Amino acid sequence: MATALNGAVEPVDSIIRTVARSATEIRQGLIGRRSSAAEENPSGETQLEADVWADDLLYDRLSRLEGVAQYASEEREEVLDCGDDVDVDDGVAVALDPLDGSSNLKSNNTMGTIVGIYDEPLPAPGEALLGACYVLYGPITTMVVATEDGVSEYELGGGEATVVQANVTLPDDPVVYGVGGRVPDWPPAIEAYVSRLESELKLRYGGAMIGDINQVLTYGGLFAYPTLESSPEGKLRVQFEGNPIGYILERAGGRSSDGHGSLLAVEPTELHQRTPLYVGNKAYVDLIEDILADA
Ligand code: AHM
Ligand code: MG
């Protein structure tokens with residue numbers, strides 16, 4: 001039997017392995033699926049054919065796995081119950097962003113898949129995560145997996161996940177930053193924060209959080225999609241984006257915040273709830289909390 005990825009126990013290991021296998025297929029299936037679907041997702045964003053297709057594929061694979069009790073995604077209104085005999089209290093719930101940053105598909109740029117595995121019914125706080133992972137569809141396909149044991153990076157190919165780095169930790173000497181939203185929409189506190197970031201770090205912003213997060217994990221630094229004048233809750237969603245990414249960055253030795261405390265401590269009341277998000281090296285996450293506390 002194969003060794004568990006990053007020490008994950010069942011059903012977390014099966015879920016992560018299934019995502020890894022599906023990723024190669026998803027990458028291939030993006031060809032010809034770059035146009036808009038007729039629908040909007042529950043956050044009011046236009047879906048691409050690829051968003052809907054990847055969501056269906058992952059639902060099909062993950063909902064069959066033993067121990068998976070619930071499936072939810074950024075592309076569906078409601079939580080789906082899986083199987084007839086899996087009690088939500090006994091099984092796990094998976095929450096996915098099937099194609100994060102899919103607006104990058106038109107210009108053929110980086111995208112990702114994000115997965116959070118919770119041991120509580122959805123919507124659930126990040127503190128209920130048993131593990132999380134993301135796939136990065138870059139020049140090569142990689143996967144970053146976090147469990148209680150820490151964080152590992154894998155290369156995906158030929159149906160195999162090959163470890164390229166075990167014990168991934170954020171570099172101590174941060175290099176890059178990326179902050180979402182338009183400058184005229186940034187509250188004064190965010191403008192002040194970004195001024196500090198740009199005086200000390202190098203800008204890397206690609207329009208897909210997973211690409212930018214992988215830059216932060218590789219070089220150290222800070223990624224934020226902050227509170228905006230037009231949207232105080234920012235853009236990103238707690239269940240599908242904030243919690244899994246916060247969990248991964250915290251397990252890698254960094255911090256996550258909604259501007260006031262760890263993302264993992266947010267108690268969600270709605271499945272598609274949004275949150276401002278600040279993740280990366282501790283000093284820069286502490287800094288935004290200090291600036292917002294004084295604002
Ligand atoms: P999506 O999940 O619908 O693709 O939206 C999330 C994405 C993030 O990956 C990225 O950080 C952000 O939206 C980019 O937004 P913007 O186009 O405002 O820069
Ligand atoms: Mg997303």
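Values in this text are rule-based calculations from the coordinates and carry no lab data. Note that the coordinates shown come from a computational prediction; the quantities given were computed from them, not determined experimentally. Every residue, glycine as well, gets a Cβ built from its backbone with ideal geometry; the counts of neighbours run over all protein chains shown.
Looking across region 251-295, the residues that are in a strand (DSSP E or B) and at negative phi come down to Arg255, Ser256, Ser257, Arg274, Leu277, Tyr278, Val279.
Of all residues in region 242-288, those satisfying the criterion of being touching a Leu at 6+ places or on another chain (Cβ under 8 Å) and among the small types (Gly, Ala, Ser) are Gly242, Gly246, Ala252, Gly253, Gly254, Ser256, Ser257, Gly259, Gly280. With respect to Ile210, is the statement that it is more than 27 Å from Val164 (Cα to Cα) and crowded, with 24+ Cβ neighbours inside 10 Å true? So Ile210 does not fit the description; no. Tallying residues that are assigned to a helix (DSSP H, G or I) and either in contact (Cβ under 8 Å) with a residue 24 or more places away in the chain or farther than 27 Å from Glu270 by Cα (or both) within region 1-50 yields 22.
The residue that is surrounded by the fewest Cβ atoms within 10 Å (Cβ to Cβ), among those in region 220-233 that are more than 10 Å from ligand 1 (Cβ to nearest atom) and under 23 Å from Val115 (Cα atoms), is Glu233. If you go through region 114-135 and pick out every residue that is surrounded by fewer than 24 Cβ atoms within 10 Å (Cβ to Cβ) and touching a residue at least 24 places away in the same chain (Cβ under 8 Å), you end up with 9.
Scanning region 63-113 for residues that are within 16 Å of ligand 1 (Cβ to nearest atom), within 16 Å of the chain's Cα centre (by Cα) and free of Cβ contacts under 8 Å to residues at least 40 places away in the same chain gives a single hit, Glu75.
So, in region 82-114, exactly how many residues are in a strand (DSSP E or B) and within 12 Å of ligand 2 (Cβ to nearest atom)?
Of the residues in that region, 10 qualify.
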